[in-house]
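A.B. asks: Provided herewith is a single structure, encoded as structure tokens, for subsequent inquiry.
Each value in this text was obtained by applying a stated rule to the coordinates, not by laboratory testing. This structure is a prediction, so every number in the text was calculated from the model and none was measured. No Cβ is skipped: glycine too gets one built from the backbone with ideal geometry, and neighbour counts run over all protein chains shown.
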Amino acid sequence: MNVFHIPISISTPHTYISTAPFLPSKSLLSTVFSTYFIKGIQMQSGKLLSWPEPPLEWIRHEGCVYSISYSPNGCYIASGSDDKTIRIWDAETGDVVGKPLEGHTDSVWSVAYSPDGQHIISGSGDETIRIWNAETGSAVGKPLEGHTGVVYSVAYSPDGQYIISGSSDKTIRIWNAETGSAVGKPLEGHTGVVYSVAYSPDGQHIISGSGDKTIQIWNVETGSAVGKPLEGHTGGVCSVAYSPDGQYIISGSGDETIRIWNTETGSAFGKPLEGHTDWVRSVAYSPDGQHIVSGSDDKTIRIWNAKTGSAVGKPLEGLTGWVYSVTYSPDGQYIISGSGDKTIRIWNAETGSAVGKPLEGHTGSVYSVAYSPDGQHIISGSGDKTIRIWNAETGSAVGKPLEGHTRWVSSVAYSPDRQHISGSSDKTIRIWNAETGSTVGKPLEGHTGVVYSVAYSPDGQHVISGSSDKTIRIWNAETGSAVGKPLEGHTRWVRSVAYSPDGQHIVSGSSDKTIRIWNAETGSAVGKPLEGHTDWVRSVAYSPDGQHIVSGSDDKTIRIWNAETGSAVGKPLEGHTGLVCSVAYSPDGQHIISGSYDKIIRIWNAETGSAVDKPLEGHTRPVASVAYSPDVQHIISGCSRRAIHLWDSFPQIPSRFTSYIEAERPDQEGWVRDPGGSLLYWVPHDFRTGLHSPAFLTIPLTSPVRSVSLHFDQFAFGKSWTQISNTAEP
């Protein structure tokens, strides 16, 4: 009963009032309570089936875990250990993926994923760096040799073309990630061991932290030091990291403190962050830059407010060894730690509690969702390598998962005749029969990189795909053969593709920050690239009349473009506080929806660019995909927490939420009180996020990020609370 200790310890009536509604439906207590307590608060949606699992803890390494790294999509975790191996883990289940990566002859001190997730690098006490294929676990090429001491830290450049390493030989080296050859001479200047290195977000600078108690900034192009060393620590600098916007640097030190530095001036920002009682081994920023996490030899992890430097909540405790490595998941919801007690642990970044195993449905992040043309079904593609079909009305799964892809499914789409396609990081496109779930023909092969986006032509005769190999391909939907040559022009990954409503043009959005329009028949580029975004373009879509294009970007904005002239229409649509993952027009062309890393969905007036109503809130992780139902009445959204939500496309607070009881939100301890401060009812922590969410259905129905709806028609409170029992006097 740990979940309900607050109401039970504070108020006897709330042992019944606030416990009964939230008990898992399959628990013994729920069976008893439902028999004897027929009145009170009723939960219409959001009830758990069973009690949550115990904290997630993995003990498979035979030695201390020195380093951990999330894959860019958040599906996998790599760990490096004193046992000389690297291991890959499923971030959702905790299961080991494949065999250990073996080859180093000494401790593995540092591991990192490449930006595209296809490779892992490792630095070792054997003085070498190794590159590994993340999918097969096999070594790529020969070890990178040149250091004359332990390699304590390795990192990829943001574009994945280079690798940097820091060593006990007091130098930093830059390597060509493709050839493994050294680039230029070693970066020299430190007078002590180089414990940590990192690239700036724009890839123009490198920072290094050293046992000589200093941090140094380096120019990547020239290899020369930028300014004087950053001084202030009184112990060796064990870890350094850039803020996501590149304006600040954090450092963790043997002096038991964390410091924040201004990258432009090199001056310290505020006072040192104090609280740890031993060496600070690892520091990292949250993806939104608002928080800092630190791991220490005092066996605790601490979270800090990056702006104020104050501690957030209590330390995360439970480890029995030094904390060598900490990092945030790509969506900022979780923290993972690697420790001297040989464990890797995953923590809830908001509550600080250890996270249990998932419930049912997809077992990986949901990257793409789409409605069937008739609006009766929904398909979803996931990091668990499967596609699922759902009944749009009931939320129940239809048939078994569609299996065949060998890596995460990044994009799904329906054909006009209700077949559907999927694109995957296994570099293939697959066509499926929507009725039987069987594959139609062989996989469409030709891309040499991850397939991020797929779409059908309006007449259903062709399929287009966009890939990390920087190309767009057109396929014959019936035969599966390639039509013409790849469409080339983008200089980085193609993240999104779409057909114009008349099928004559194709639009593509890329990590090169541009949108391109192509002639669908000839494959030639139409006009110049559409420029204006200042970061990756993740999503593009045509308006139903084909006159406009909408784009969503990592620069946190949505832009509308004239499809004929390529010129921007009006100012950027601003409001999101995180990168924009997905955009779509409503079928009538009057509205635009956008899903973002800030966990919310926004609706915009397509003509004026102004926001319509309040944002749709309820997701607890980034919103990866959004789409309208064909009748414009609903919106679906998929997130990286394995959940698909359905929303009313014209959100309003339901009329039943008019009384004080129904409108009031829980306080920090979970209590809802009347105007006089008296206790009305208590809400467990895991139910507060989704309470009164505008989402009316969450798929799967057992998702831990479900919407929670409470019904108060028979709510007996105050002096009448005893009426909740069917044995009470009338």
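A.B. asks: Of Lys427/Lys556; Lys170/Lys556; Lys307/Lys556; Lys470/Lys556; Lys314/Lys385, which pairs sit farther than 30 Å apart, going by alpha carbon to alpha carbon?
C.D. replies: On the way: Lys427/Lys556 28 Å; Lys170/Lys556 40 Å; Lys307/Lys556 20 Å; Lys470/Lys556 23 Å; Lys314/Lys385 37 Å.
Going by Cα-Cα distance, Lys170/Lys556; Lys314/Lys385 fall outside the 30 Å limit.
A.B. asks: Provide the per-residue ³J(HN,Hα) series for region 277-294, in order, calculated from phi with Karplus coefficients 6.51, -1.76, 1.60 and θ = phi - 60°, each as a whole number of Hz, with x at glycine and proline positions.
C.D. replies: Karplus-based 3J(HN,Hα) across region 277-294 equals 10, 7, 3, 9, 8, 8, 9, 7, 8, 6, x, 8, x, 8, 10, 10, 10, 9 Hz.
A.B. asks: From the phi angles alone, apply the Karplus equation (6.51, -1.76, 1.60; θ = phi - 60°) to region 109-114 and give each ³J(HN,Hα) in whole Hz, x where the residue is Gly or Pro.
C.D. replies: Couplings: 8, 8, 9, 7, 7, 6 Hz.
A.B. asks: Would you mind counting up the charge near Gly570? Only other residues with Cβ under 14 Å from its Cβ, with Lys and Arg at +1 and Asp and Glu at -1.
C.D. replies: Cβ neighbours under 14 Å give a net charge of 0.
A.B. asks: Another question, then. Determine the relative contact order of region 180-221: mean sequence separation of Cα pairs under 8 Å and six or more apart, normalised by residue count, in whole percent.
C.D. replies: 31
A.B. asks: Check which residues have an amide H placed less than 5 Å from Ser382's amide H, if you skip close sequence neighbours.
C.D. replies: Tyr367, Val409
A.B. asks: May I ask you to derive the relative contact order of region 366-648, considering only C-alpha pairs under 8 Å and at least 6 residues apart, and to give it as an integer percent?
C.D. replies: Averaging sequence separation for qualifying contacts and normalising by length gives 11 percent for region 366-648.
A.B. asks: Sum up the charges of everything whose Cβ sits under 10 Å from the Cβ of Lys513, counting Lys and Arg as +1 and Asp and Glu as -1, but leave Lys513 out.
C.D. replies: Residues near Lys513 contribute -4 overall.
A.B. asks: Shifting gears a bit: Would you grab the residues whose amide H sits under 5 Å from the one on Ser153? Only those 5+ places off in sequence or on another chain, please, with H modelled 1.01 Å from N.
C.D. replies: Gly166
A.B. asks: Can you list residues whose amide H is under 5 Å from Phe269's amide H, if they're 5+ apart or on another chain and H is modeled 1.01 Å from N?
C.D. replies: Answer set, sorted by chain and number: Ile260, Trp261, Asn262.
A.B. asks: While we're here: Residue by residue through region 569-582, what is 3J(HN,Hα) from phi via Karplus (6.51 cos²θ - 1.76 cosθ + 1.60, θ = phi - 60°)? Round to whole Hz and write x for glycine and proline.
C.D. replies: 9, x, 8, x, 7, 10, x, 5, 10, x, 4, 8, 8, 8
A.B. asks: By the scheme Lys and Arg +1, Asp and Glu -1, what is the net charge of all other residues having a beta-carbon under 12 Å from that of Val451?
C.D. replies: Details: positive: Arg407, Lys427, Arg430, Arg473, Arg495; negative: Asp426, Glu445, Asp469.
My count for the surroundings of Val451 gives +2.
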